[in-house]
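Asks: So that we are looking at the same thing, I have put the structure below in structure tokens.
The values are calculated or read from the model by the stated rules, or taken from the named source; none is laboratory data. Keep in mind the model is a prediction, meaning the values are calculated, not measured. For neighbour counting, all protein chains shown are included, and Cβ atoms are generated from backbone atoms with ideal geometry for every residue, glycine included.
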Amino acid sequence: MYSYIANWQIPRAQWAEMEKGGVAGKTILDKALADGTIVGYGKDESLVHQPDGETHDNWWSAMSMAGLIKVLDQFYASSNSASPALESATKHWDSILVSRYYNWHSGPWDRGYVSVSSYKLKADAPDDAIDTLSKQLIVPLLEKMLADGAIREYEIDTEAIHTEAPGTFWVVYVATTPEGLDTVHAAIVDSLKAHPLFGPVFDSMIDYSAHRDALVEGSGVYK
């Protein structure tokens, strides 16, 4: 699964306009979702702000790079897709990510809480480190959280277009309630207690000096 993420730093006075969203952009995304070009889309607002970080983002996901680019081309071709809030942005940057481990419940959500944790592999980590960590540690836990209803979606991302140095991956999940965040955290603690080797395995591959977390609130839909 490929995801295009547009990150924006928006002046505080324009946040209310960002919340309203662009009608033209939603029309493009709804059509692409209906015809299968994309499998999901959404928008988010940061809850933990950083001086030079994004305040908002827009994203869509597809099962091919072509699906992402077709939608992007439609945005560029639409003269009405950019809102006054986007035009006020003081910073803007994009990312294209690829996920080989992901799952979701179909349908929309509103005011969901999206946890994003970035990790960087150590220089001597094995070539299959992300696969090993995903299959053995991360995916089983998040699949259980998905089945239990604590989260709506999860994915483990790497960059498809490397705008940063290789070796970074992101663990993302969407909780539809604040309690869902606590449920996942408790499950992680319980898993580490039940499997005492999990912690050392993870630690042996991860450079924690580059670890960062983000928490955003937003709405979205998956097909």
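Asks: Condition test on Ala62, is it within 24 Å of Leu215 (Cβ to Cβ), hydrophobic (A, V, I, L, M, F, W, C) and touching a residue at least 60 places away in the same chain (Cβ under 8 Å)? Before the answer, list the steps.
Replies: Values: within 24 Å of Leu215 (Cβ to Cβ): no; hydrophobic (A, V, I, L, M, F, W, C): yes; touching a residue at least 60 places away in the same chain (Cβ under 8 Å): yes.
Answer is no for this residue.
Residues checked against (1) surrounded by fewer than 20 Cβ atoms within 10 Å (Cβ to Cβ); (2) within 12 Å of the chain's Cα centre (by Cα); (3) of a type in the set (Val, Ile, Thr); (4) under 22 Å from Asp213 (Cβ atoms):
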{"residue": "Pro11", "(1), (2), (3), (4)": "yes, no, no, no"}
{"residue": "Glu17", "(1), (2), (3), (4)": "yes, no, no, no"}
{"residue": "Gly40", "(1), (2), (3), (4)": "no, yes, no, no"}
{"residue": "Lys43", "(1), (2), (3), (4)": "no, yes, no, yes"}
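Asks: Quick one: what pairs do we get from segment 16-38, first residue at negative phi, second hydroxyl-bearing (Ser, Thr, Tyr) and at pLDDT below 95, C-beta under 7 Å, 6+ apart or different chains?
Replies: Glu17/Ser83; Gly22/Ser81; Gly22/Ser83; Ala24/Ser78; Ala24/Ser81; Gly25/Ser81; Ile28/Ser78; Ile28/Ser81
Asks: Out of Gln50, Gln74, which single residue is without any contact (Cβ under 8 Å) to a residue 60 or more places away in the chain and in contact with a helix residue (DSSP H, G or I) (Cβ under 6 Å, 6 or more places away or on another chain)? Reasoning before the result, please.
Replies: On the way: Gln50 fails: in contact with a helix residue (DSSP H, G or I) (Cβ under 6 Å, 6 or more places away or on another chain).
Unique residue meeting the criteria: Gln74.
Asks: Output the residues belonging to segment 168-196 that are touching a Lys or Arg at 6+ places or on another chain (Cβ under 6 Å) and modelled with pLDDT of 95 or more. Can you show your working first?
Replies: Just the residues of segment 168-196 that are touching a Lys or Arg at 6+ places or on another chain (Cβ under 6 Å), to begin with: 168, 174, 176.
Within segment 168-196, Thr168, Val174 qualify.
Asks: If Ala160 meets every condition in (1) without any contact (Cβ under 8 Å) to a residue 60 or more places away in the chain; (2) farther than 24 Å from Pro196 by Cβ; (3) surrounded by 13 or more Cβ atoms within 10 Å (Cβ to Cβ) apart from one, which number is that one?
Replies: (1)
Asks: On the basis of being in contact (Cβ under 8 Å) with a residue 24 or more places away in the chain and not small (Gly, Ala, Ser), does Pro140 make the cut?
Replies: Criteria not met by Pro140.
Asks: Can you pull out every residue in segment 19-45 that is in contact with a Leu (Cβ under 8 Å, 6 or more places away or on another chain) and outside any loop (DSSP other than H, G, I, E, B)?
Replies: Looking only at segment 19-45, we keep the residues that are in contact with a Leu (Cβ under 8 Å, 6 or more places away or on another chain), and these are 22, 38-41.
Selection gives Gly40, Tyr41.
Asks: Which numbered condition in (1) on the phi > 0 side of the Ramachandran plot; (2) modelled with pLDDT of 95 or more is the only one that Val48 fails?
Replies: (1)
Asks: I'd like to check something: does segment 197-204 contain any residue that is at pLDDT 95 or above and assigned to a strand (DSSP E or B)?
Replies: No, the conditions are met nowhere in segment 197-204.
Asks: Is it the case that segment 138-151 has a residue that's more than 26 Å from Asp44 (Cα to Cα) and of a type in the set (Asp, Glu)? Step through it out loud before you land on a result.
Replies: We begin by selecting, within segment 138-151, every residue more than 26 Å from Asp44 (Cα to Cα); these are 140.
The next check asks that each one be of a type in the set (Asp, Glu); those that pass are none.
No, every residue in segment 138-151 fails to be more than 26 Å from Asp44 (Cα to Cα) and of a type in the set (Asp, Glu).
Asks: Would you please name the residue that is modelled with the lowest pLDDT, looking only at residues in segment 57-109 that are among the basic types (Lys, Arg) and exposed (fewer than 14 other Cβ atoms within 10 Å of the Cβ)?
Replies: By that ranking, first place goes to Lys91.
Asks: Given the conditions (1) modelled with pLDDT of 95 or more; (2) of a type in the set (A, V, I, L, M, F, W, C); (3) within 28 Å of Asp94 (Cα to Cα), which single one is not true for Ala165?
Replies: Going through the list (1) modelled with pLDDT of 95 or more; (2) of a type in the set (A, V, I, L, M, F, W, C); (3) within 28 Å of Asp94 (Cα to Cα), Ala165 breaks only (1).
Asks: Also, I was wondering about something else. Can you spot a residue in segment 146-154 that is without any contact (Cβ under 8 Å) to a residue 12 or more places away in the chain and touching a Gly at 6+ places or on another chain (Cβ under 8 Å)?
Replies: no
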